[in-house]
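Encoded as structure tokens, the structure appears first; notes follow it.
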Amino acid sequence: RPELLRRIVKNGFSLVELHATWCEPRFNAGGVSAVGAGEKLREWRINAPPDYYQAIRSEFDQAGVSIFTYYVNMDISYQNNFIDYTDEEIDATFKAAKILGAKGCIGSQGLSATRRLASFPARYDMFMSVHNHSNLSDPDAINTEESFVKAFAFSPNIMATFVTRHFTAANGDCLGFIERHHERIRNIHLGDRRKNQGRSVPFGEGDAPIIEILRMIKDNEWPITVMLEFEHGTLRTSVKEVQAMYDYCKRALA
């Protein structure tokens, strides 16, 4: 985490989506099976003391960085770790996110898992956000506007983390989706990618309408948090590439 915070501060950011892998221990030492490691992690999650997460929050507070959302995949099919989250484990995960100061949890789970998770966030006055991908062959995946609408119907606490890269690659209409569903979008993962399942590329080199998205949100004063998603190839360091992405956005809004 110290290195993560160093990079965030160097880029001048004060808000982050924190992935659970930066917080949770790993039990996959030599000789431990995937199932065994998963069971150990499950036990740890359920029994982790609040002080553990409070200490992490203090690290971020001292660096001037707020944790907006907690990214954790509570879906066996996505994790491929052969064991599903129990209700007790899901509840413990939301408790952890609340202690961290997060407004909600985000995952890449599909519709069936989202239906199961839908009742949990209200217990902590939080939201559960669904995250789209570009895989159009999976009927359970969050990948199209229709699939988002199905997820929204499960609970008023189900929101969208809208990923511009994947929606573009799946030939979706980013601007139309945001305009129609902005009240259910809590944050956007802003990235560029080419249509027709094309590859992820630096900002301005793909087909995602990045500039138009930023201006639409600004002009309408929608309370949508936009986060930079760096998942493309580059010869620059991650800090320099993220800074280039940030500068691109600032120019778009100038």
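The values are calculated or read from the model by the stated rules, or taken from the named source; none is laboratory data. Please read all numbers here as calculations on a predicted model, not as lab measurements. Neighbour counts run over all protein chains shown; Cβ positions are idealised from the backbone, glycine included. Side chains included, ligands, DNA and RNA excluded: accessible areas come from the protein's heavy atoms. Shrake-Rupley method; radii C 1.70, N 1.55, O 1.52, S 1.80 Å.
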*Answer from 86, 93, 164 - the residue that is of a type outside the set (D, E, K, R) and under 24 Å from residue 232 (Cβ atoms)*: 164
*Restricting attention to segment 17-29, does a residue exist that is more than 29 Å from residue 238 (Cα to Cα), open to solvent by less than 50 Å² (accessible area, probe 1.4 Å) and touching a helix residue (DSSP H, G or I) at 6+ places or on another chain (Cβ under 9 Å)?*
no
*Is it the case that some residue within segment 204-220 is closer than 30 Å to residue 241 by Cα, surrounded by fewer than 22 Cβ atoms within 10 Å (Cβ to Cβ) and free of Cβ contacts under 8 Å to residues at least 24 places away in the same chain?*
yes
_Can you go through 53, 71 and tell me which one is of a type in the set (Phe, Trp, Tyr), modelled with pLDDT of 85 or more and either in contact with a strand residue (DSSP E or B) (Cβ under 9 Å, 6 or more places away or on another chain) or open to solvent by 60 Å² or more (accessible area, probe 1.4 Å) (or both)?_
71
*Being open to solvent by less than 70 Å² (accessible area, probe 1.4 Å), touching a helix residue (DSSP H, G or I) at 6+ places or on another chain (Cβ under 9 Å), under 15 Å from residue 227 (Cβ atoms) and in contact (Cβ under 8 Å) with a residue 12 or more places away in the chain narrows it down to one of 12, 38, so name that one.*
12
_Selection status of residue 93, surrounded by fewer than 19 Cβ atoms within 10 Å (Cβ to Cβ), β-branched (Val, Ile, Thr) and either modelled with pLDDT under 95 or over 25 Å from residue 223 (Cα atoms) (or both)_ = no
*Taking segment 142-156 as the region of interest, how many residues are within 15 Å of residue 131 (Cβ to Cβ), hydroxyl-bearing (Ser, Thr, Tyr) and touching a strand residue (DSSP E or B) at 6+ places or on another chain (Cβ under 9 Å)?*
1
*Identify, from the list 46, 8, the residue that is in a helix (DSSP H, G or I), out of contact with any Gly (no Cβ under 9 Å at 6 or more places or on another chain) and under 18 Å from residue 71 (Cβ atoms).*
8
*Which one of these does residue 112 not meet: (1) within 28 Å of residue 171 (Cα to Cα); (2) at pLDDT 95 or above?*
(2)
_Among the residues of segment 96-123, what is the count of those that are more than 20 Å from residue 21 (Cα to Cα), open to solvent by less than 20 Å² (accessible area, probe 1.4 Å) and among the polar types (S, T, N, Q)?_
1
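Let's see how each residue does on (1) of a type in the set (A, V, I, L, M, F, W, C); (2) at pLDDT 95 or above; (3) closer than 25 Å to residue 234 by Cβ:
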residue	(1), (2), (3)
158	yes, yes, no
173	no, yes, no
198	no, yes, yes
201	yes, yes, yes
204	no, no, yes
218	no, yes, no
*Considering only segment 227-254, state which residues are closer than 25 Å to residue 196 by Cβ, open to solvent by 40 Å² or more (accessible area, probe 1.4 Å) and free of Cβ contacts under 8 Å to residues at least 60 places away in the same chain.*
228, 230, 233, 234, 248
*Taking the condition out of contact with any Phe, Trp or Tyr (no Cβ under 9 Å at 6 or more places or on another chain), buried (at least 20 other Cβ atoms within 10 Å of the Cβ) and not polar (S, T, N, Q), does residue 127 pass?*
yes
